[in-house]
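Below: one structure, written as structure tokens.
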Amino acid sequence: MISQALGDKLLLLFDSGIRHGADLFKALCLGARAVCLGRPFVYGLALAGEEGVREVLANLLADFELTLALSGCCSPAGQHLVAAP
């Protein structure tokens with residue numbers, strides 16, 4: 001796993017295909033320390049300006065919280081999200 005090989009030397013970012021809270025959850029499970037949003041952010045901006053971006057972020061976070069709850073996790077912090085090798 002890339003995150004295990006890197007250790008604490010570098011910050012691992014996931015920058016591809018994040019559209020739903022489940023995508024965010026999977027990226028963190030694979031070892032990413034953070035994710036980058038591209039298109040969803042731009043779509044919200046194009047449709048409703050600053051308020052559209054706020055709505056996109058609120059929806060993504062709500063979906064992520066639902067995914068966390070359904071998986072039995074109460075927080076994204078901690079080693080319990082990292083998949084075993």
Q) Considering only residues of the range 17-38 that are at pLDDT below 90 and not in a loop (DSSP other than H, G, I, E, B), which is surrounded by the fewest Cβ atoms within 10 Å (Cβ to Cβ)? A) ALA34
Q: Would you please list the contacts, defined by Cβ atoms under 8 Å and residues six or more apart or on different chains, that run from a residue in the range 1-17 that is more than 16 Å from LEU37 (Cβ to Cβ) to a residue that is exposed (fewer than 10 other Cβ atoms within 10 Å of the Cβ)?
A: MET1/PRO85; GLN4/PRO85
Q: Any residue in the range 68-85 that's within 23 Å of ILE2 (Cα to Cα) and exposed (fewer than 14 other Cβ atoms within 10 Å of the Cβ): show its pairings with residues that are polar (S, T, N, Q) and at pLDDT 55 or above at Cβ separation under 9 Å, as long as the two are six or more apart or on different chains.
A: PRO85/GLN4
(Q) If I ask for residues that are among the hydrophobic types (A, V, I, L, M, F, W, C) and within 23 Å of LEU70 (Cα to Cα), which ones from the range 1-35 would you list? (A) PHE14, ILE18, ALA22, LEU24, PHE25, ALA27, LEU28, CYS29, LEU30, ALA32, ALA34, VAL35
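The values are calculated or read from the model by the stated rules, or taken from the named source; none is laboratory data. Values in this document were obtained by computation on a predicted structure and should not be read as measured data. Because the Cβ atoms are built from the backbone with ideal geometry, glycine has one as well, and the counts that use them run over all protein chains shown.
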